[in-house]
Amino acid sequence: MCGIVAYTGGRQAVGILIEGLRKLEYRGYDSAGVCLQDGGRLNVVRAKGRLSELETALTFHSSTGTTGIGHTRWATHGAPEERNAHPHSSMDGRISVVHNGIIENYALIKSKLKKEGVVFKSDTDTEVIAHLVSKFYKDNLASAVADALTHLEGAFGIVVISANEPGVLIGARRGSPLVLGVGEDECILASDASAIVEHTQKVIYLDENDMVEIKGAEYRITNQARAEVRREIQNIEFSADQVAKGNFEHFMLKEIFEQPEAILNSLRGRLLLDSGTANLQGLNLLTQELRGIHRIVIIACGTSFFAGKVGEYLIEEMAGIPVEVEYASEFRYRNPILEEKTIVFAISQSGETADTLAALREAKRKGATVLGICNAVGSSIARETDGGVYLHAGPEIGVASTKAFTCQVTVLTLIALLLGRMRHVSAAEGLRVCNALQAIPGQIREILAQNDAIREIARQYVDHRNFLYLGRGFNYPVALEGALKLKEISYVHAEGYPAAEMKHGPIALIDADMPTVVVCPSDVLFDKVISNMQEVKARGGRILAVTDSTNGQLEGVADHVIRVPKTLSVLTPLLHVVPLQLLAYHIAVLRGCDVDMPRNLAKSVTVE
Ligand code: G6P
């Protein structure tokens, strides 16, 4: 979703803004713009489309100035046109603003301002902010922004600049993230740390309702009551290299290949081999409290939701605790029953997904203990939960989530193990899980070594417009995730189903044009899944099987077989999902799709 970068210091701002926006491209956008303070005036340059369009537009304008704001827009209110791109300015052009989020009461403010004679130039909700700040401006930008904030409802991260105050920028957040990078003699504000890390490792994650005034290296933060507050300076836990593609053609491929290392990082220090259990101190719960959990509710969106579905199978199997997984967007608007001893887990890679954040707040209002499973350190969800577990997967840039999924499943396995060991799992069984988990990174490397072969298989399926993905048990959510990956990046329709459910509807679709991808580890349900495959074959459907089975049973049934190493049944999702990620990746590349920036999608969905 929208990305913000703003700079004040001694260097020319335009290059820093453009490079920063490039780091935020992965969030998804359809237009971009910058505003530079040049002497006593503001120069705004905007363009529809990719950053390269903005760079072309900039060659026709003066772009000097050591203070500026930049933005990539993901359209919500108004089509992706230049006039709707940010920054938006006041009528006299002396105040400009960039904004991430949605101003929910913008229509009301807009009609009032129109009556006062304000002429609007865009269809956006954002433009009201520029006009409001201008209306309240006397001689101090910070107080004008503070006044404007009291009129805004909704979620936002904003940065405001004025032609009247050289070097000054005002940032504010409510609901949408804003990070302050503190350099030697400069400051950078951005929607996430990946746009800052190249310039400084020192950051402050602004709190809800904070406002910050920056000028050069000086900054002053105030809270909602506009009292000055101190916020802790933290170190960004990743390097600039980690947000670069390196030798890979796409971030998605890089991140698929990073999975062995990422999972090792998720496991690091968390396996207790002596006692066959997991050590998860971040949960902040006493043994007694963990023992007392009666029910678990998992809330999440997208890929995180499917990881949660794997978690449901894992926790119920290993710990015998009933688990419900719910889309955060549904949870937040119904009246969920959260009795005592129910623990809620919010799963989110970015830690900023608006629906998940709202759902966790609703759970907290009901008095539940809410724990987070997040990747982004210092993110809103990580900070608003009572405790939790970080993935430590490193930054995930590809819009289609891959390493976050396997790390989420790894962490959920650790949680299931910990809760299981407090109940019916023996030390010997626990140790078996620990040992098998430790082997997973090496086994994923073996799967990655088949990348070329998987690309060749992808080539044979590239022309189909519809796919069915089937799986059972632990791997039913893997089928769902495999189908989601294909849809997201190749725009090919794909549906995931529990294999046995196929006969209740989807079987009607099967023909030579509708291939079926079957996830079928050699577990207790293996023979039953083979029967489902026979049903597909009998109707002329092509079959691609992903399996750890080596007994030759699949050869006569499936058209193509991708093999993964054997592991414990509970860990099979961690291996079987990897070929599905690679399959989706190669089909998308072969179809000429922009894998890292798929159309219409955003990496971090900070609006409802
Ligand atoms: C977006 C992304 C998905 C992601 C989902 C949830 O839809 O495109 O890849 O799975 O948001 O994101 P989260 O950061 O909460 O895991």
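The values are calculated or read from the model by the stated rules, or taken from the named source; none is laboratory data. These numbers were taken from a predicted model, which means no experiment stands behind them. All Cβ positions, glycine included, derive from the backbone under ideal geometry; neighbour counts span all protein chains shown. Heads up: the accessible areas ignore ligands, DNA and RNA and are worked out on the full protein's heavy atoms, side chains in. Shrake-Rupley method; radii C 1.70, N 1.55, O 1.52, S 1.80 Å.
Please state the Cα pair-distance histogram of the range 286-359 with 10 angstrom bins from zero: what percent is in each bin?
Final binned percentages: 20, 50, 29, 1.
Using a 1.4 Å probe and counting only protein heavy atoms, arrange R542, R83 so the residue with the most accessible area comes first.
R83, R542
Using a 1.4 Å probe over the heavy atoms of the protein chains, calculate the carbon and sulfur portion of the accessible area of the range 25-119 as a whole percent.
That fraction is 52 percent.
Quick one: how many Å² of T406 are accessible to a 1.4 Å probe, rounded to 10?
Rounded to the nearest 10, the figure is 0 Å².
How large is the Rg to Rh ratio of the chain when both quantities use alpha carbon positions and Rh follows Kirkwood? Could the numbers behind the result be given before it?
Values: Rg = 25.3 Å, Rh = 25.3 Å.
Here the Rg-to-Rh quotient is 1.00.
Return the carbon/sulfur percentage of the accessible area of the range 218-323, one whole number, probe 1.4 Å, all protein chains in place.
45 percent
So, for the chain, what is the accessible surface per residue at a probe of 1.4 Å, expressed in square angstrom?
Per-residue value: 37 Å².
Counting pairs of alpha carbon atoms under 8 Å apart in space and at least six apart in sequence, what relative contact order in percent does the range 208-260 give?
Relative contact order comes out at 18 percent.
Taking R0 as 41 Å, what FRET efficiency do you get between E19 and L273 from their Cβ-Cβ distance, rounded to the nearest 0.05?
0.35
Rounded, prolate or oblate: which fits the range 230-279, taking a ≥ b ≥ c as square roots of the Cα gyration tensor eigenvalues, rounded meaning a/c under 1.5, else prolate when a/b beats b/c?
oblate
If you average the C-alpha positions of the range 234-283 and of the range 359-402 separately, how far apart do those two centres end up, in angstrom?
Cα centroid of the range 234-283 versus Cα centroid of the range 359-402: 16 Å apart.
Give me the compactness ratio for the range 7-135, meaning the Cα radius of gyration over 2.2 N^0.38 Å.
Relative to the rule-of-thumb radius for its length, the range 7-135 sits at 1.02.
Please report the antiparallel percentage of DSSP beta bridges with both residues in the chain, rounded to the nearest 5.
Antiparallel bridges: around 60 percent, rounded to the nearest 5.
Under 5 Å between amide hydrogens, which residues at least 5 positions from A217 or on another chain qualify, with H placed 1.01 Å from N in the peptide plane?
E186
Of all accessible surface on the range 375-431 at a 1.4 Å probe, what whole percent is carbon and sulfur?
60 percent
Where does the Debye-calculated log10 I(q)/I(0) of the range 394-440 sit at q = 0.18 Å⁻¹, using only Cα point scatterers of equal weight, no solvent?
Debye intensities relative to I(0), on a log10 scale: -0.61.
Any idea how far the Cα center of the range 1-68 sits from the one of the range 98-141, in Å?
About 22 Å separates the Cα centre of the range 1-68 from the one of the range 98-141.
When a/c reaches 1.5 or more, the comparison of a/b and b/c decides; with that in mind, is the range 157-311 rounded, prolate or oblate per its Cα gyration tensor?
Prolate, since a/c reaches 1.5 and a/b exceeds b/c.
Could you name the lysines whose alpha carbon sits less than 28 Å from that of K503, not counting residues in the same chain fewer than 8 places away?
The reachable lysines, counting only those whose Cα sits under 28 Å from K503, are K309, K485, K487, K528, K537.
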